[in-house]
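Laboratory data are not the source of any read-out in this text; all were calculated from the coordinates shown. Everything numeric in this text was worked out from a predicted model, so none of it was measured. Reconstructed Cβ throughout: ideal geometry from the backbone, glycine too, with neighbour counts over all protein chains shown.
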């Protein structure tokens, strides 16, 4: 029997699948008692869900199987297209096959196998799917779209692509309306200028704001790497805040800056690091460890900025600054290191220890050459002191001393070998005989300028550049406590003897 089905104008009162239209309707006994076959321009409805197709079977258990140009419609919620569908009116579940497209405003989901659950307004896929909106393409093997919440949840080999970046992760929840991706599991974000990594976080492509957690890392194309447990970053402002286990690595200059809190400002190309702040710089087989309450890095850029790449970096350290290197240590209140001239400048009560020598002045400059100590430039009230290692324990105040207005110390293989004293030069050094076993006396000299050569941390010779006033005092006339030049200060208790000591606070 064949008939033309008429449109039902009464709204459905239950979950029964209602026939609105079909060109023909037949009973098909091959499919069981009560099965109906609808052919041509089929229109069905179930509790607010409309379905169009070329043909369909409706079964006695309130289910249907539809074929050809299937189109499901739910007002203000979805348009769902596919090749075929099995739908059950009581459970309001639909399983769709073929070339599936789900449309909602600017969002499109494309897959081959989908389960739609009307009561919970969600759609699941398992065999790979692609979601696109106005700016994003998102691919994954499995996923769920929650229609009421307007959230896409994806799992397994997730890839999100937009013009600015590509995200690879294991799990992602994407909010198309907000253009925000929430991800968990190892996540890699590749951009034009930077690469990012984290284990959890979110990224908003509209605002450019991201927040990454657990081993978060940003790497620039030039080699800088900024990492921490938590990393907030505003791409548009090029501004970031990093907390806990902060690390900024400059692979070109072998510098690593660490701390527990950092603020990065791309507009100024600066980074501020505090809370246990530390800078490590590799020098051949040794490393310089420097600590201050706060470290500032200038001309630091996490983007591909030619200007930043060509501008020498500048490091500033403020308050309670100490540094440790196996053959050199130092302390001051504030310090700067300028890559432009490879010079470290120390301010306010600076002191440098190099092997047995303690060196102080109002300001101190350390010049590097080929990542080695080259020149120590001391300005105003310059003083070099070394304890006389041949003195007896009773003579604990027996020191070799060099004093002057300004001094320059010259290094060979990171050891001081020559000192030039300029203005008001004074020296005291102890003289020995019998292969440095017997003390002869102490030589004291005053001169405007002098040149001192040092070997194995001991004075080898002194060249007086002007007429000197020199006196050799015999051993019997020496009282070490009286052989100390003016403003003598032995600061050995402040010296960091190992890397960990740079974090110690010296008592007044």
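When only Cα pairs below 8 angstrom with a gap of at least 6 residues are kept, the chain shows a relative contact order of 5 percent. Considering only alpha-carbon pairs that sit under 8 angstrom and 6 or more positions apart, the relative contact order computed for segment 349-503 is 16 percent. If R0 is taken as 56 Å, the Cβ-Cβ distance between residue 50 and residue 276 corresponds to a FRET efficiency of 0.30.
Divide the volume of the convex hull around the Cα atoms of segment 226-303 by the residue count and you get 79 Å³ per residue.
Between the C-alpha center of segment 154-181 and that of segment 483-508 there is a gap of 55 Å. Quotient of the Cα radius of gyration of segment 118-273 and 2.2 N^0.38 Å, N being its number of residues: 1.12. Counted residue by residue at 0.36 nm each, then reduced by the alpha carbon distance between them, the extension gain from residue 413 to residue 505 reaches 30.0 nm. Multiplying the residue separation of residue 461 and residue 260 by 0.36 nm and subtracting their alpha-carbon distance yields 67.4 nm. Between residue 311 and residue 487, how many nm apart are label points set 7 Å from Cα along the C-beta direction? Reported label-point gap for residue 311 and residue 487 is 3.7 nm.
The largest-to-smallest principal axis extents of the Cα set in segment 349-503 are 45, 38, 29 Å.
Each 20 Å bin, from zero up to the one with the longest distance, holds this percent of the alpha carbon pairs of the chain: 19, 30, 20, 15, 10, 6, 1. Hey, quick one: spin label on residue 363, modelled 7 Å out along Cα-Cβ, who in segment 324-352 has an amide N within reach, i.e. under 18 Å? Flagged as within label range: 331-352. Inter-part distance, segment 397-465 to segment 88-135, computed on C-alpha centroids, equals 86 Å.
Take the Cα of residue 83, step 7 Å toward its Cβ, do the same at residue 234, and the gap between the two points is 5.1 nm. Take the Cα of residue 370, go 7 Å toward its beta carbon, and none of the backbone nitrogen atoms of segment 322-349 fall under 15 Å from that spot. Distance between the pseudo-spin-label points of residue 438 and residue 61 (7 Å out from Cα toward the beta carbon): 11.7 nm. Calculated [222 nm] ellipticity per residue, helices only, for the chain: 0 deg cm²/dmol; basis is -39500 (n - 2.57) per DSSP H run with n ≥ 4, divided by all residues, nearest 500. Residues 492, 300, 117, ranked from the fewest to the most other C-beta atoms within 10 Å, line up as 492, 117, 300.
If you plug the beta carbon distance of residue 24 and residue 115 into 1/(1 + (r/R0)^6) with R0 = 41 Å, you get a FRET efficiency near 0.85.
If R0 is taken as 30 Å, the Cβ-Cβ distance between residue 155 and residue 93 corresponds to a FRET efficiency of 0.90.
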